[in-house]
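The next block holds one structure in the form of structure tokens; read it before the comments.
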Amino acid sequence: MGINMTYLYAVLGWVVWCTLHSALISIPVTEYMERKLGDGFRFYRLFYNIFSLATLIPLLFYTASMRQEPVFRWEGPLGIIPYILLATGIGLFIIGGRNYSLFQLLGIAQIKRGGTNRSLSEYGKFVVSGIHRMIRHPWYLGGMMIVWARDLSLSTILTNLVISSYLVIGAILEERKLVGEIGEPYREYQRNVSMLFPYKWLKAKCTGKPQDQGSFNKETTNHRPLSNAILPDVTSGLVPVCRRERR
């Protein structure tokens, strides 16, 4: 019974962390905080990152303290799989992150600039490039690959299921906001590019037919600046779906 409660505490801890992490950066909360803090809102992104990390560390330690024998090991011919998952996940983070400003992500740019721009990008036009022609959310996919790249105990499986569900739900919620911000170009992007697994891109490669990139691949200048839609509800700012090209 004690062991079962330990599992329960770990799962509840991750659910609470994921919920807080999402809620603190949601549109209603950020708009409320911007009204209340005024010019001080430029520190909000940095506070959000510090709070997320400070609450994540003890949760990671608690989860790691639950020492259990794995119920599944990547052994034999499968032994190479976790290394592939880990390498691919890290690669997706690196490639997907090329379109974003690190200083924006950390919240430093907002403080230095003295503004409240919530965008993670430094650019000004909605264009799709690189890995985002294959999948819409490489960071979400990379995150899921990384968490599953290890031997699996019962607590690990439960934790991974919570995190993976959180990433999928987060991607869906983010896309609703992006559709609201960008409109039809983003809907066309959704129709032509897969969300997580690049089956549309692979299908085009296998059949020899070019993938329909649609008009979202062209410069779009008549859309208002992306605001909260670029700030993630989940995964520390992961909505790597579009790039803003320098004018």
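The values are calculated or read from the model by the stated rules, or taken from the named source; none is laboratory data. Because the structure is a prediction, the values reported are computed rather than measured. For neighbour counting, all protein chains shown are included, and Cβ atoms are generated from backbone atoms with ideal geometry for every residue, glycine included.
Could you check the range 150-247 for helices (runs of 4 or more DSSP H) lying wholly inside it with 2 or more residues that are surrounded by fewer than 20 Cβ atoms within 10 Å (Cβ to Cβ) and modelled with pLDDT under 85?
Values: elements: 154-182, 184-192, 199-207.
Here the list reads 154-182, 199-207.
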(Q) Restricting to the range 163-195, name every residue that is within 30 Å of Ala10 (Cα to Cα) and touching a Gly at 6+ places or on another chain (Cβ under 6 Å). (A) Leu167
Q. Across the range 62-93, what is the total count of residues that are free of Cβ contacts under 8 Å to residues at least 24 places away in the same chain and closer than 23 Å to Cys18 by Cβ?
A. 2
Q | Every residue from the range 20-44 that is among the basic types (Lys, Arg), touching a helix residue (DSSP H, G or I) at 6+ places or on another chain (Cβ under 8 Å) and loosely packed, with under 15 Cβ neighbours inside 10 Å | A | none
Q: Identify the single condition in (1) in contact with an Asp or Glu (Cβ under 7 Å, 6 or more places away or on another chain); (2) closer than 30 Å to Ile131 by Cβ; (3) at pLDDT 90 or above that Arg73 does not satisfy, given that it satisfies every other one.
A: (2)
Q | Residue count for the range 46-61, restricted to those that are surrounded by 14 or more Cβ atoms within 10 Å (Cβ to Cβ), without any contact (Cβ under 8 Å) to a residue 60 or more places away in the chain and not hydrophobic (A, V, I, L, M, F, W, C) | A | 2
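Based on this model, can you work out whether Gly96 counts as more than 21 Å from Thr159 (Cα to Cα), surrounded by 12 or more Cβ atoms within 10 Å (Cβ to Cβ) and not basic (Lys, Arg)? Write out each step before concluding.
Values: more than 21 Å from Thr159 (Cα to Cα): yes; surrounded by 12 or more Cβ atoms within 10 Å (Cβ to Cβ): yes; not basic (Lys, Arg): yes.
The answer is yes for Gly96.
Evaluate the following for Thr30: is it polar (S, T, N, Q) and more than 25 Å from Trp139 (Cβ to Cβ)? Don't jump to the end; show me each part of the working.
On the way: polar (S, T, N, Q): yes; more than 25 Å from Trp139 (Cβ to Cβ): no.
In short, no.
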(Q) Just to be sure before I move on: is Ile90 exposed (fewer than 15 other Cβ atoms within 10 Å of the Cβ) and among the aliphatic types (A, V, I, L, M) in the structure I sent? (A) yes
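Taking Thr156 as the residue in question, decide whether it is among the β-branched types (Val, Ile, Thr) and within 21 Å of the chain's Cα centre (by Cα).
So Thr156 fits the description; yes.
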